[in-house]
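Peer 1: My questions all concern the structure below.
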Amino acid sequence: MEEKILLVDDEEGIRKVLGISLMDIGYQVFTAQNGEEALAAFRQHRPPIVLTDIKMPVMDGIDLLQQIKAESPDTEVIMLTGHGDMDLAIKCLKLEATDFITKPINDDVLEIALKRANDRIGMRAQLRAYTENLENLVREQTARLMKTERLAAVGQAVEGLSSALRGIAGDLDAGINCFNELPCFVAIHNRRREIIAINPLYRERLGDHVGRPTGAAYPQDNPELSPVEETFTTGTGMRRRVTVVYADGTRGPVMVHTAPIRDSQGDVELVVEIGADIGEVRRLQERLQATQQRYQQLFDEAPCYITVQTPDLTIQAANRRFQEDFNLTIEASCHKIYKDRDDACPDCPVAKTFSDGQSHQCEMEVTSKRGETYRVLIQTAPIRDLAGNITHVMEMSTNITRTRRLEDQLASLGLMIGSVSHGIKGLLTGLVGGMYLLDAGFKKENQQQIREGWDIVRFMVGRIRDMVLDILYYAKEKDLKWETVDVLGFAEEVLHTVGPKIKDQDITLRHRFDPAIGRFEVDAGIVRSALTNIIENAVEACRSDRSGRPHEICFDVTQDAGYIYLKVSDNGIGMDEATRANVFTPFFSSKGERGTGLGLFISNRILSQHGGGISLESEPDTGSRFSIKIPKKTSVANLLREKT
C-alpha cells in the first residue's frame, strides 16, 4: 500500500512537478494550494508526512505547521523555502518541523529529507511495539504469579475456613459451594470416616467418591494413616505430602491440608480436606519461569535503553544495554546516572507519565560511564496494577547520536555549498578579469599588460587550489599516519615553507627554538599544513594593518615533560571579541573574498585529532597570539582524543 503525503504550495507548477517526483518515489500524493486547504485535506486523509511551502496566501506554512503539530504531534512536516528565508526555516525547526529544503528542489536532497522523516516514523512505531509487548508480558506474568500465590495461601486459609464452616455444618451443600471455584481438591468427611461432599475439581480429577470411605482417593497399598484419619484421632489439623490415585488410574503427588470442624460440645464432627496438585503447581512454576525468561530476553535484547522507574524516579530495573553503557548503582535515579544531577530534569517525561498516565516523548543529551555524550530519543509508558493504578513507568531511550550527527553534517554541507558557491563566483570573476588582461595584452603585444593578467590568473588558480584542498579535508575524515619526528627539523621545514612569502611582504620573521627539544609522534604532513595555515593567517593580519608600523611574526617552540608547545604571534590588526568567538567556526572568514572560512577550523580539527588544541589571545590593533599544544606520545594523544 502506498504511503500518503500531503504537498502544499501556492504555485501550480511546483505542485505538478514535485507531485510527479513523489509519485515516482512511491507516495500517494494529495495537494493543496494554501494552508486552509491543506488543513482540510490533512484532517480527511491523515498523511504521516506533510511537505509545505513557507510563504503562501490565506494561511502560510508556519501557521499550518503549528496547527498540524497541535492536532497530530507525530506528523512529520518538511518545509520548502527560498534562499532568502533561512530565518523562517530556522523558526520552523524550533516549532518541531522535521527538516527544510531550499528551492529549487534537488531530488537527492528531497529523498534524504523523506528518508529522515520515515526513519523517525519507523522509530516511533518500533518503540510503541516494544511498549505493547512488554506491557502484555507484564500482565501475563502478574496473572500467573497471583494464581501461584493463591495456591500457596491455601494452608493459611484452612483454619479460617474451618471456623466459618462450623456454623454451616448442618448444610453441607451450602458449605461445599464455598470451595467450587478453588483450584484445588476439597472434600468433607464425617466421623464415620465417609466422604459426604466434594467440590467439582475433586469430582473431575479424582472421581466421584461421595459416600465412599475416607481413603478412597489414596492407593490401597499405602500402609500409612491418612491425614483425615489422623485429624479425627488427634483433633488437630494436618499438613502432609501424599500420593493420590486420579480417575484415569494414574498416581500423582498432592500437598494435603486438613482441618477439624467441631460440634457444640467440642468434639470433631467433620474434617475438611484440601489438596493442592503439586504437579500442577510445578507446571505453573515452569511456565512462569519460561515467561520470565522470555520477558528478560526481550528486555535485555531490545535495541534501546530500557529502565523501570518508581514514583521517586529510582531505577528499579534496567536492561543489559543500559547497564553496559551507564553506571547503574543501587537506588540510583536516572537524572543522576544520565546527567549527574541531584534533582529531576526539567520537564522529566517519567514524572509527566506518573502525573497524567500518558506516554511522553522528548530528546536530550546524556553522558555514558565512559564520558561520551549521547543524543537519545526518550519515550515513556505507564505500568499499572490490577486496580489500574500506576506503580512504575517504563522509559525507553534510543541512541540517535549518529542520526543527529548526520543531520548536522548535512546542514553544514548546505552551508558549505552556499559559501563555496559564493567564493567560486568571486574567483571566477577574478579569472575572467585576468584572462581579459591577457587577451588584450596579446592583441596589443603589451608585455606589461600580459604580466599583470598572468599574475591575476596565477593568483586565482592558487586560491582555487587552496579552496579545493580545504573542502576535501573538511569533507573527509583522514586517518592519521603516525611517525616519530625531530621537532627542530620539523620547525625548520615550516620556516623554509613560509619564509619566502613572509620576506616578500616586508615582514620580519623571528624564531626561538629550544635546542634540547627532542622528538614527538605526529602525522607530520597535516600538522605542518595546520601550522603553515596559522602562520599565513598571521601574515594576512600584518598585511591588512594600515598603521604604518613595522610588522613582525614570532615563531617559538618549547616543551615540558609531556607536550610540545608552538606559539605564533604577530603585531597585525588583531581581532575583536566577535571575531575571536567565531575564528574556529567553519565558513567564518574575516578576509572577505580572500578566505574560504575553513583554514583555522581545519587546523583546530587536525590538532584535536592529535589530542592537542589551539588557544587564542588577541585585541584589535595590537596583534594576535596562537598557542598550540601537542602531546609527545601517540598513546597520550589517543587517550585525550577518546576523552573528547
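Peer 1: How big, in percent, is the set of alpha carbon pairs in region 205-341 lying more than 28 Å apart?
Peer 2: Values: 4723 of 9316 pairs.
Result for the distance tail: 51 percent.
Peer 1: Sticking with the crude label model, points 7 Å out along Cα→Cβ, report the distance from S264 to D560 in nm, one decimal please.
Peer 2: Inter-label distance under the simple model: 10.2 nm.
Peer 1: Report P(r) for region 42-138: all Cα-Cα distances, bin width 5 Å, range 0 to the bin holding the largest distance, values in whole percent.
Peer 2: Whole-percent P(r) values from 0 Å outward: 2, 13, 21, 21, 18, 10, 6, 4, 3, 1, 0.
Peer 1: Same structure, new question: So, R0 is 25 Å and r is the distance between the beta-carbons of M86 and Q66; what FRET efficiency does that work out to, to 0.05?
Peer 2: Efficiency computed from Cβ-Cβ geometry: 0.80.
Peer 1: Tell me, what is the 1.4 Å probe accessible area of T310, in Å² to the nearest 10?
Peer 2: 20 Å²
Peer 1: Let me ask something additional. In whole angstrom, note down how far apart the Cα centers of region 474-552 and region 298-335 are.
Peer 2: Each part's Cα centre sits 51 Å from the other's.
Peer 1: Suppose each label sits 7 Å from its Cα in the direction of the beta carbon; what would the Q44-R128 distance come out to in nanometres?
Peer 2: Each label point is offset 7 Å from its Cα along the Cβ direction, giving 2.4 nm.
Peer 1: Taking the inverse of the average 1/r across all pairs of different Cα atoms in region 538-586, what Kirkwood radius in Å do you get?
Peer 2: 12.8 Å
Peer 1: What ranking do 371-381, 532-542, 353-363 get when scored by the average of other Cβ atoms within 10 Å per residue, highest first?
Peer 2: Output ranking for 371-381, 532-542, 353-363: 532-542, 371-381, 353-363.
Peer 1: Right, here's the next one. If you bin every alpha carbon distance in region 488-534 into 10 Å steps from zero, what whole percent lands in each bin?
Peer 2: The percentages, shortest bin first, are 22, 53, 23, 2.
Peer 1: I would also like to ask the following. Please report the spacing between the Cα centers of region 199-261 and region 2-32 in Å, no decimals.
Peer 2: 78 Å
Peer 1: Given R₀ = 22 Å, what would the calculated FRET efficiency be for K339 paired with T403, taking r from the Cβ atoms and rounding to 0.05? Numbers along the way, then the final one.
Peer 2: Working: r = 21 Å, r/R0 = 0.95.
Using R0 = 22 Å, I get an efficiency of 0.60.
Peer 1: Kindly list the residues of region 334-371 that lie in the label zone of D119, defined by a backbone N under 17 Å from the point 7 Å along the Cα-to-C-beta vector.
Peer 2: 363-364, by backbone N distance to the label point.
Peer 1: I've got another one for you. Using a 1.4 angstrom probe on the protein heavy atoms only, line up M394, M364 by accessible area, largest first.
Peer 2: Values: M394 5, M364 30 Å².
The residues order as M364, M394, largest area first.
Peer 1: While we're here: Calculate, in nm to one decimal, what L495 and Q447 gain on full extension: separation in residues at 0.36 nm each, minus their alpha carbon distance. Mind dumping the intermediate values first?
Peer 2: Details: separation 48, 0.36 × 48 = 17.28 nm, distance 3.43 nm.
Fully extending the segment from L495 to Q447 adds 13.8 nm.
Peer 1: My understanding is that a pair violates if its Cα-Cα distance is over 28 Å; which of K69/K369; K115/K369; K69/K115 do that in this structure?
Peer 2: Result: K69/K369; K115/K369 exceed 28 Å.
Peer 1: Give, in nm to one decimal, the length gained when the segment between R370 and D514 is fully stretched (0.36 nm per residue of separation minus the Cα-Cα distance). List each step's numbers first, then the result.
Peer 2: On the way: separation 144, 0.36 × 144 = 51.84 nm, distance 3.75 nm.
Extra length available between R370 and D514 comes to 48.1 nm.
Peer 1: For region 57-65, in order, what is each residue's ³J(HN,Hα) by Karplus, 6.51 cos²θ - 1.76 cosθ + 1.60 with θ = phi - 60°, in whole Hz (x at glycine and Pro)?
Peer 2: Per residue, the Karplus-derived 3J(HN,Hα) values read x, 6, 9, 7, x, 5, 4, 5, 4 Hz.
Peer 1: Next up: When the chain is fully extended, how far beyond the present Cα-Cα distance does R212 get from Q296, taking 0.36 nm per residue of separation?
Peer 2: The R212-Q296 span can extend by a further 25.3 nm.
Peer 1: Hey, can you rank 605-615, 570-580 by average C-beta count inside 10 Å, highest first? The partial results should precede the final answer.
Peer 2: Working: 605-615: 19.8, 570-580: 18.1.
Output ranking for 605-615, 570-580: 605-615, 570-580.
Peer 1: Determine the per residue accessible area of region 13-57 with all protein chains present and a 1.4 angstrom probe, expressed in square angstrom. All intermediate terms of the calculation are to be shown ahead of the outcome.
Peer 2: Numbers: 2150 Å² over 45 residues.
Ligands and nucleic acids excluded, the figure is 48 Å² per residue.
Peer 1: Points 7 angstrom from Cα along the Cβ direction at A581 and E111: gap in nanometres?
Peer 2: Rounded to a tenth, the inter-label distance reads 4.1 nm.
The values are calculated or read from the model by the stated rules, or taken from the named source; none is laboratory data. All values reported here derive from a predicted model rather than from experimental measurement. All Cβ positions, even for glycine, are placed from backbone atoms using ideal geometry, and neighbour counts span all protein chains on display. With ligands, DNA and RNA removed, areas are computed over all heavy atoms of the protein, side chains included. Shrake-Rupley method; radii C 1.70, N 1.55, O 1.52, S 1.80 Å.
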